[in-house]
Every structure is written in C-alpha cells, then in structure tokens.
Amino acid sequence: MARHSASGSNAEEDANTGSNATLTDNNDNEEGLDWRVEVVVGETPRPKCKGTVVLIFQPAEEGGGGAQKMIEAGAVDNVAAIFGFHVATDSLVGTVASRPGPIMAGSGFFEAVISGKGGHAAIPQHTIDPIVAASNVIVSLQHLVSREADPLDSQVVTVAKFQGGGAFNVIPDSVTIGGTFRAFSKASFFQLKQRIEEVIVAQASVQRCGATVSFFEKERPFFPVTVNSEALHAHFTNVAGGMLGSDKVRYRHPVMGAEDFAFFTEVVPSTFYYFLGMQNESGELLRPGHSPYFTINEEVLPYGAALHASLALQYLLVNGSGAQSQSEVRGPHDEL
C-alpha cells in the first residue's frame, strides 16, 4: 500500500471515550520516500492510553491529490488531530522546525494555448505570430504580483513551460505555455487565478491571437494552504523540546512550496506539519528532496519515529477523554 509515498498516522475515535488523535507522515514518491515508511512503521506508541492511533500510508502526494482521495475514502473520519512531517536537508539531524499558522502556500497549475496563423519566417506580415503574443503574455503575467498584489501578501506566478515551433524559419500556428501560481490566502489565490486567465486572453487578443486557458482542476486539484494549529504548535514545542532540547526546536519561515497534507487541514479540526532535520554535520552536503541526487541519511530514522510517536502519545494522554469531535471542524484560514 505504501509503495513509495506514505502518509503516516491518524487516529480514529475510540468507541468508549470519544477521543481522537492523528499522526501523518506525508510523503512524495519523487523524494526518496521508502525510508519514511520505516519511520512510521517503527513509531507506533506502545503505552496504553485512551484513544486510538492509526497509521496512514498515502499514495500520490506529488500533484496527484492523494490526501483528497484518502479523505473521500474515510481515512480521517472522526479524527481530532493529525501530524505530518517532511525531511529538511538544510537542517541538522536532531533538529526540527515549524511555526503556527500558514507554513506552506496554496498552489495550482495553468496551461494556455495561444493560437495565431503560421507561415514562413521571412514573410511575417502574412502570419499572426503566436510566439510574440505568448512572449507579451508572459511579461504581463509577471505584473500580477509586482504591480497588483500587496507586497506583504506573498504570491508567485511562474511560467515554466513554453512550447512552440520546430523549425528555425517557420512561425507556428500555436504556442503552449504553462506554469504555477501560489498564495497564502484563499482570496489571493482565486484572485490570481481569475487574473491569469484575463491577462492571457486579453494580451493574446492584442496580438490578434486567440487563447484558451486550463487550470486542470479535476486532474490536478488545487492544493490548499497548509495551516498549523496554534494549540498543536505549543504541543509540538513542548514534546520536541523535551525530547531533543529546546535549542533544537527552530522557527521555520513560510515557504511558497505546497503540500498535499494541506487537504487534511480542511477536514481535521487540528493539524500540524513540521520539518525534520536530516543533514549530518560532518557528512556530505545532502541535495534537496526534488533533486535526482537526493540521498537518505538513515541517522534521522530514530528521531522521526520517536518524535512522531511521542506527539501522538502525549496528545492522547492530555486529550484522551475530551478530544474535539469531527463536527467541530474549524473555519477557513484566509490570512497570512
């Protein structure tokens, strides 16, 4: 089941106590994820306490919306709290980092086909050049963040795909561009989505071209903002500080990367996501998770297993008889 990606543990409601707890080790099958299965399998708490901890091994984290599928399958029904983590190759083994509130951005993808009229490059007056139109579109999209967004409201629009033409002397009939957009609030995210489509269509028309825009909402669902519970951040700080030392618990600034774990934050009352240091101080510098040269420092395995298990156990010991019910799901998070 946990073929490459693994989302770790969550807890279902205990039939007698009505208590819940969740642990999730959320993984990505592009990032050397089998090791995290070992962390989760090794983490299950043994002491008896009121409540249940269930381990989730989740597929399709990287863009596939696997967490959403797990939710639809009922994997987090009656769950009161869920914890997830990711390795950090820029932090030392034995350190962890997180923050309360938003920690990772909401994200989406877009693709546009800009259509003109192809022809010979030596007689451009007889063509409608979609490459020129697409170039103007890309420049205009950059203004959405630099000129329209509040500088204190972090947003990103990146065009990372440009495909058009196959010859040096032929203007193509069409060009395809695509990219990603990200924001830390729902309002800003959907404003960006609206403006991306408006700018693409309008700028293409200035160059006499047509344009169609797709956001792949069914194939690649938008990732929500990953938001950490204030209460669970305090819980995390206490547990991690007691286990590793308070100097090993670091503050982590929000990043514009997105995380599939965010889907759980929309249905589970309390959620928390943190980063687990993996860099060995005396070892070779590790490459980031999406690098083809990513390698595992196995020294991190006991740290991840022990901390994740302790977060669940201590949560149940404190909240075992009075955990929040699924019906008390918190409201939406719309601030940075």
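Among the residues making up region 164-181, those that are aliphatic (A, V, I, L, M) and part of a strand (DSSP E or B) are Val170, Ile171, Val175, Ile177.
Checked against (1) crowded, with 17+ Cβ neighbours inside 10 Å; (2) in a loop (DSSP other than H, G, I, E, B); (3) among the basic types (Lys, Arg), Lys193 passes all but condition (2).
Of all residues in region 116-139, those that are buried (at least 17 other Cβ atoms within 10 Å of the Cβ) and in a loop (DSSP other than H, G, I, E, B) total 4.
Residues that are within 18 Å of the chain's Cα centre (by Cα) and either within 21 Å of Arg220 (Cα to Cα) or assigned to a strand (DSSP E or B) (or both) within region 97-114 comprise Ala97, Ser98, Gly101, Pro102, Ile103, Met104, Ala105, Gly106, Ser107, Gly108, Phe109, Phe110, listed in sequence order. Number of residues in region 153-185 that are touching a residue at least 12 places away in the same chain (Cβ under 8 Å) and over 17 Å from Phe110 (Cα atoms) equals 11. Mind checking whether some residue in region 65-82 is in a strand (DSSP E or B), out of contact with any Ser or Thr (no Cβ under 7 Å at 6 or more places or on another chain) and buried (at least 18 other Cβ atoms within 10 Å of the Cβ)? Within region 65-82, not a single residue is in a strand (DSSP E or B), out of contact with any Ser or Thr (no Cβ under 7 Å at 6 or more places or on another chain) and buried (at least 18 other Cβ atoms within 10 Å of the Cβ).
A count restricted to region 94-115 and to residues that are buried (at least 22 other Cβ atoms within 10 Å of the Cβ) and either over 15 Å from Glu259 (Cβ atoms) or among the charged types (D, E, K, R) (or both) stands at 4.
Among the candidates Tyr293, Tyr273, the residue that is open to solvent by less than 20 Å² (accessible area, probe 1.4 Å), under 23 Å from the mean Cα position of the chain (by Cα) and of a type in the set (Ser, Thr, Tyr) is uniquely Tyr273.
When region 242-258 is filtered for residues that are out of contact with any Ser or Thr (no Cβ under 9 Å at 6 or more places or on another chain), open to solvent by less than 80 Å² (accessible area, probe 1.4 Å) and in contact (Cβ under 8 Å) with a residue 60 or more places away in the chain, only Val255 remains. I'd like to know if region 142-155 contains one or more residues that are over 25 Å from the mean Cα position of the chain (by Cα), modelled with pLDDT of 95 or more and of a type in the set (A, V, I, L, M). No, region 142-155 contains no residue that is over 25 Å from the mean Cα position of the chain (by Cα), modelled with pLDDT of 95 or more and of a type in the set (A, V, I, L, M).
Restricting the search to region 84-124, which residues are closer than 20 Å to Val239 by Cα and touching a Gly at 6+ places or on another chain (Cβ under 8 Å)?
The first filter runs over region 84-124 and keeps only residues closer than 20 Å to Val239 by Cα, leaving 84-88, 91-101, 103.
Hits for region 84-124 are Gly84, Phe85, His86, Val87, Ala88, Ser91, Leu92, Val93, Gly94, Thr95, Val96, Ala97.
Evaluating Arg220 against the criteria (1) more than 28 Å from the chain's Cα centre (by Cα); (2) surrounded by 14 or more Cβ atoms within 10 Å (Cβ to Cβ); (3) not in a helix (DSSP H, G or I); (4) not aliphatic (A, V, I, L, M) leaves one unmet condition, (1).
The values are calculated or read from the model by the stated rules, or taken from the named source; none is laboratory data. Just so you know, these numbers come straight off a predicted model, no measurement behind them. Here the Cβ is made from the backbone with ideal geometry for all residues, glycine too, and neighbour counts use every protein chain on show. Calculation scope for accessible area: heavy atoms of the full protein, side chains included, ligands and nucleic acids excluded. Shrake-Rupley method; radii C 1.70, N 1.55, O 1.52, S 1.80 Å.
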